[in-house]
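The values are calculated or read from the model by the stated rules, or taken from the named source; none is laboratory data. Predicted model, so just to flag it, every value in this text is computed and none were measured. Cβ coordinates were reconstructed from backbone atoms using ideal geometry, including for glycine residues, and neighbour counts include every protein chain displayed. Ligands, DNA and RNA are excluded from the accessible area calculation, which covers all protein heavy atoms including side chains. Shrake-Rupley method; radii C 1.70, N 1.55, O 1.52, S 1.80 Å.
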Amino acid sequence: TETAGETPNTCSFAVQGFQPTDGQDVVITLGSKNNLDRLFAGTLLRDTHGYVGTPANGTDTVSAVDYTWQLTRRTISQRWTGVSGTVIAQAILANAPGFTSVYVAAGLAVLDEFTVTNQTLAAALSALAQRLGANH
């Protein structure tokens, strides 16, 4: 399920032949496992084990949430004046363990002032994108 904005996407599917573990990383691609074009990447939240007919036909139904969810677990309050959107995005992501700012665009517009007050990191990035006129 894909959701716009900073609301994390979710994914549910069934597997057979192994038992997933809550908290496990989930990466879904088409074709080769080496395909870098991800359709979904996130964390397995819940695994429900069941079977069809006999226990030998075990299946597991899993629910996962994309990595955006991790950006909703921390909040930030900060004010920036006279700096570029690049610097602001990098500062926000510096508060997000496990995330990188490597792909933040260089040379974003300089903002006279940008303030976030007790917003999640995802909401702060979303507000920054909107302020810069970017689609997210």
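Which fully enclosed strands (runs of 3 or more DSSP E) of the range 1-92 have 2 or more residues being touching a helix residue (DSSP H, G or I) at 6+ places or on another chain (Cβ under 9 Å)?
In the range 1-92, the matching strands (runs of 3 or more DSSP E) lie at 40-51, 75-84.
Residue by residue through the range 72-119, note down the ones that are closer than 20 Å to Arg38 by Cβ and either in contact with a Phe, Trp or Tyr (Cβ under 7 Å, 6 or more places away or on another chain) or charged (D, E, K, R) (or both).
Of everything in the range 72-119, just one residue is closer than 20 Å to Arg38 by Cβ and either in contact with a Phe, Trp or Tyr (Cβ under 7 Å, 6 or more places away or on another chain) or charged (D, E, K, R) (or both), namely Leu93.
Can you go through Ala64, Ala91 and tell me which one is modelled with pLDDT of 95 or more and touching a Gly at 6+ places or on another chain (Cβ under 9 Å)?
Numbers: Ala91 fails: touching a Gly at 6+ places or on another chain (Cβ under 9 Å).
When all the criteria are applied, what remains is Ala64.
Determine whether the range 27-39 contains at least one residue that is touching an Asp or Glu at 6+ places or on another chain (Cβ under 8 Å) and of a type in the set (S, T, N, Q).
Let us first name the residues in the range 27-39 that are touching an Asp or Glu at 6+ places or on another chain (Cβ under 8 Å), namely 29-30.
Still in the list and also of a type in the set (S, T, N, Q): 29.
Scanning the range 27-39 turns up at least one residue that is touching an Asp or Glu at 6+ places or on another chain (Cβ under 8 Å) and of a type in the set (S, T, N, Q).
On the given criteria, is Ala122 surrounded by 17 or more Cβ atoms within 10 Å (Cβ to Cβ), in contact (Cβ under 8 Å) with a residue 60 or more places away in the chain and either in contact with a Ser or Thr (Cβ under 6 Å, 6 or more places away or on another chain) or not in a helix (DSSP H, G or I) (or both)? Don't jump to the end; show me each part of the working.
Details: surrounded by 17 or more Cβ atoms within 10 Å (Cβ to Cβ): yes; in contact (Cβ under 8 Å) with a residue 60 or more places away in the chain: yes; either in contact with a Ser or Thr (Cβ under 6 Å, 6 or more places away or on another chain) or not in a helix (DSSP H, G or I) (or both): yes.
Yes.
Exactly one condition in (1) touching a Gly at 6+ places or on another chain (Cβ under 8 Å); (2) more than 30 Å from Asp112 (Cβ to Cβ); (3) not charged (D, E, K, R) is not met by Gly23; state its number.
Unmet condition: (1).
Considering the range 97-119 alone, what residues qualify as being touching a strand residue (DSSP E or B) at 6+ places or on another chain (Cβ under 6 Å) and open to solvent by 80 Å² or more (accessible area, probe 1.4 Å)?
Of everything in the range 97-119, those that are touching a strand residue (DSSP E or B) at 6+ places or on another chain (Cβ under 6 Å) and open to solvent by 80 Å² or more (accessible area, probe 1.4 Å) turn out to be Val110, Thr117, Asn118.
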